[in-house]
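Each remark here refers to the structure printed beneath this line.
The values are calculated or read from the model by the stated rules, or taken from the named source; none is laboratory data. All figures in this text were calculated on a predicted structure; none of them were measured in a lab. All Cβ positions, even for glycine, are placed from backbone atoms using ideal geometry, and neighbour counts span all protein chains on display.
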Amino acid sequence: MPVVVKNLNYTYNPKTPFAKQALLDVNLTINDGEFIGIIGHTGSGKSTFVQHLNGLIKLTDGEIIVNDINLNDKKVDYLKLRSLVGMVFQYPEYQLFADTVKADIAFGPKNMKLPAEEVNTRVSEALKLVGLNEEEIGEKSPFDLSGGERRRAAIAGVLAMKPKILVLDEPTAGLDPMGKREILQLMAKIRAEQNATIIMISHDMNEIYENVDRVAVFVNGTIKHDMPTEELFQKVKIEEYGLEMPAMAVIKKKLSKIGVVINGRTVTEVFNEIVKAKGGKNV
Amino acid sequence: MNEAIKITDMTYFYRGYDDSGLPVITKGVENVSLDIFQGEFVALVGHNGSGKSTLAKLLNALLLPRSGKIEVFGMDTSDKKNLFEIRKSVGMVFQNPDNQMVASIVKEDVAFGPENIGIPQKEIVTRVNDALDAVGMAEYADRSPHKLSGGQKQRIAIAGALAIQPKVLVLDESTAMLDPLGRREVIEIAKKLNKEKNMTIILITHFMEEVLYSDRVIVLNDGEIAMNGSPKDIFRREAELNKIGLRVPRAVELARKLNSEGFEIDPDITDEKVLGDKLCRLL
């Protein structure tokens, strides 16, 4: 079942001189299995929005339904909500705390009061999913891992709770290009293997363009655009919102004006289609 | 050109202890020899853990070489009596803008540096005003830094470094946490300081697109210098870059692929707009 958000408003420090409206009439429906990107300038409300989805910020004005949980109900089962919606914050590796990688990953499932055996299975599965070798690093201190490994270990901690909906707030920030690619490949794998819904906040328009199906653009606390990725970057002047055009979208937009339509979004896909478009003509 | 920084056969390693209390040595940088000239704009790239930040910290004597030598304007950083002058010569701005704010009003935050080095009050005022002017934040002098955007906060952090009147400015992944507009703001300021004030800029980044603004790129791999050349020279060594976890900007990747496929396209194109226009003429 999908995530449905209707007429969501939120004000920080209400009824004080510091009151600041962070969300203004936000409406969004996210379907099962979707991979949606959320973009927008700093302070546009992206993080405030996603923190509503697992009840970290309590709903004060509007409607939110996550699967069968209605956040407007008087009594909300937050434990259930939080195992349903997994949240990976910015720089999640700063939240690693246990002595060993395995103990750290076990923290979530243990809190869900699962039996010890089930916890162990989940830890192993999560490690495997993020591509970390249990034998090699399971007993290591998380602080002995490399930057990219630490990030993946932190994500494993969330995956071990088997969330149906995974929210990631700038999951690739601060990683080198290879580390970024690993995280994005991991997200594709999670989606394929677990059939999870993925909601990703990112400031990197190239990675948004190459990976998500649909994009919601936050501007000053409200969703200004919500459309399929390709359509957004071809139709909307996103530079006006302090964002930038993905490199491949720039090239495709120019080519479409001379009637050459390219469908792919990665460098390799675009390359192959350009070669094909050139076809029999002499290069 | 005068050397701003002269590094000779420098090695630094971290000393630590493993779980059983035995000493462990972790490589930081090894056998690095490098000259950086006054007025140069140098980009420093490398995978996570390649030694970029270690090198940055060695530049202003936050770390001291275990062997070899580093001289900043002829001053050996290992000589304690040079410390004061070295720290004044090399300003640093780090990744997280929120960790670098020390005061609750912008101008006081910028004044923190000059106050610490005992600049007379009258001159502090001038320096603060000049520094804020240089980063285009003069109108925010009396505001609270906490209410600024990420890019604005980093500009204040840069102003704080400028108030010491350094000759070298090190930006250690200062754009990593920013949105596209914030990244552009920081890069523009760095370019301006380099052009107008002949300030030496050392930009550490994971965004290969940002490398394009530099005169010279230093690529670190496992603590050693793997490449040293102009952005064009570096991008031509795409396969080697990929091997050490880096990748060229997408437009460069596409231009190079098309060129080797036989297209009449300059493999050194770096701008997607130029590449798009060129393709429109070819297809």
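At-a-glance table
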quantity: Every residue from region A:243-271 that is at the interface with chain B (Cβ under 7 Å from one of its Cβ atoms), crowded, with 21+ Cβ neighbours inside 10 Å and within 23 Å of the chain's Cα centre (by Cα); calculated: A:L243, A:A247, A:M248, A:V267
quantity: Residue within region B:185-201 that is more than 30 Å from B:E85 (Cβ to Cβ) and either under 17 Å from the mean Cα position of the chain (by Cα) or surrounded by fewer than 19 Cβ atoms within 10 Å (Cβ to Cβ) (or both) present; calculated: yes
quantity: Residue satisfying condition, being within 28 Å of A:E239 (Cβ to Cβ), within 14 Å of chain A (Cβ to nearest Cβ) and part of a helix (DSSP H, G or I), within set B:L132, B:L181; calculated: B:L181
quantity: Qualifying helices (runs of 4 or more DSSP H) (wholly inside region A:87-139; at least 2 residues being modelled with pLDDT of 95 or more, surrounded by 15 or more Cβ atoms within 10 Å (Cβ to Cβ) and in the same structural domain as A:L186 (by TED's automatic domain parsing)); calculated: A:101-111, A:116-129
quantity: Restricting region A:140-154 to residues that are at pLDDT 90 or above and either in contact with a Gly (Cβ under 9 Å, 6 or more places away or on another chain) or acidic (D, E) (or both), the residue that is surrounded by the fewest Cβ atoms within 10 Å (Cβ to Cβ); calculated: A:R152
quantity: Conditions (1) surrounded by 21 or more Cβ atoms within 10 Å (Cβ to Cβ); (2) away from chain B (no Cβ under 12 Å); (3) within 16 Å of the chain's Cα centre (by Cα); (4) under 28 Å from B:L246 (Cβ atoms): number failed by A:I165; calculated: (4)
quantity: Hits in region B:104-134 (condition: exposed (fewer than 14 other Cβ atoms within 10 Å of the Cβ) and of a type in the set (K, R)); calculated: B:K122
quantity: So A:K189, is it at positive phi and of a type in the set (K, R); calculated: no
quantity: In region B:255-267, residue farthest from the other protein chains (Cβ to nearest Cβ) [restricted to those that are surrounded by 15 or more Cβ atoms within 10 Å (Cβ to Cβ) and not aromatic (F, W, Y)]; calculated: B:P267
quantity: Any chance A:I69 is in contact with a Pro (Cβ under 8 Å, 6 or more places away or on another chain) and either farther than 17 Å from A:G221 by Cα or of a type in the set (D, E) (or both); calculated: no
quantity: Matching option when the condition is within 14 Å of another protein chain (Cβ to nearest Cβ), surrounded by fewer than 17 Cβ atoms within 10 Å (Cβ to Cβ), at pLDDT below 95 and within 26 Å of A:L145 (Cβ to Cβ), among B:G51, B:G21; calculated: B:G21
quantity: Total residues in region B:186-203, condition in a loop (DSSP other than H, G, I, E, B) and either at pLDDT below 95 or out of contact with any helix residue (DSSP H, G or I) (no Cβ under 9 Å at 6 or more places or on another chain) (or both); calculated: 1
quantity: Tally of residues being within 14 Å of chain A (Cβ to nearest Cβ) and touching a residue at least 60 places away in the same chain (Cβ under 8 Å) across region B:184-205; calculated: 2
quantity: Candidates B:V219, B:V252, B:V170, B:V274, filtered to the one that is at pLDDT 95 or above, within 14 Å of chain A (Cβ to nearest Cβ) and not in a helix (DSSP H, G or I); calculated: B:V219
quantity: Wholly enclosed strands (runs of 3 or more DSSP E) of region A:15-75 bearing at least 3 residues within 14 Å of chain B (Cβ to nearest Cβ) and either crowded, with 18+ Cβ neighbours inside 10 Å or touching a helix residue (DSSP H, G or I) at 6+ places or on another chain (Cβ under 8 Å) (or both); calculated: A:35-40
quantity: Residues of region B:88-129 classified as touching a helix residue (DSSP H, G or I) at 6+ places or on another chain (Cβ under 6 Å) and part of a helix (DSSP H, G or I), total; calculated: 12
quantity: Members of region A:140-157 found to be closer than 25 Å to A:A188 by Cα and either of a type in the set (K, R) or assigned to a helix (DSSP H, G or I) (or both), listed by number; calculated: A:P142, A:G147, A:G148, A:E149, A:R150, A:R151, A:R152, A:A153, A:A154, A:I155, A:A156, A:G157
quantity: A:Y78 vs. criteria loosely packed, with under 15 Cβ neighbours inside 10 Å and within 21 Å of the chain's Cα centre (by Cα); calculated: yes
quantity: Leading residue by the ranking (modelled with the highest pLDDT) among those in region B:135-166 that are within 11 Å of another protein chain (Cβ to nearest Cβ) and in a loop (DSSP other than H, G, I, E, B); calculated: B:S144
quantity: Which listed residue, of A:N9, A:N67, A:N13, is over 14 Å from the mean Cα position of the chain (by Cα) and at pLDDT 95 or above; calculated: A:N9
quantity: Yes/no for A:T11 being outside any strand (DSSP E or B) and surrounded by 14 or more Cβ atoms within 10 Å (Cβ to Cβ); calculated: no
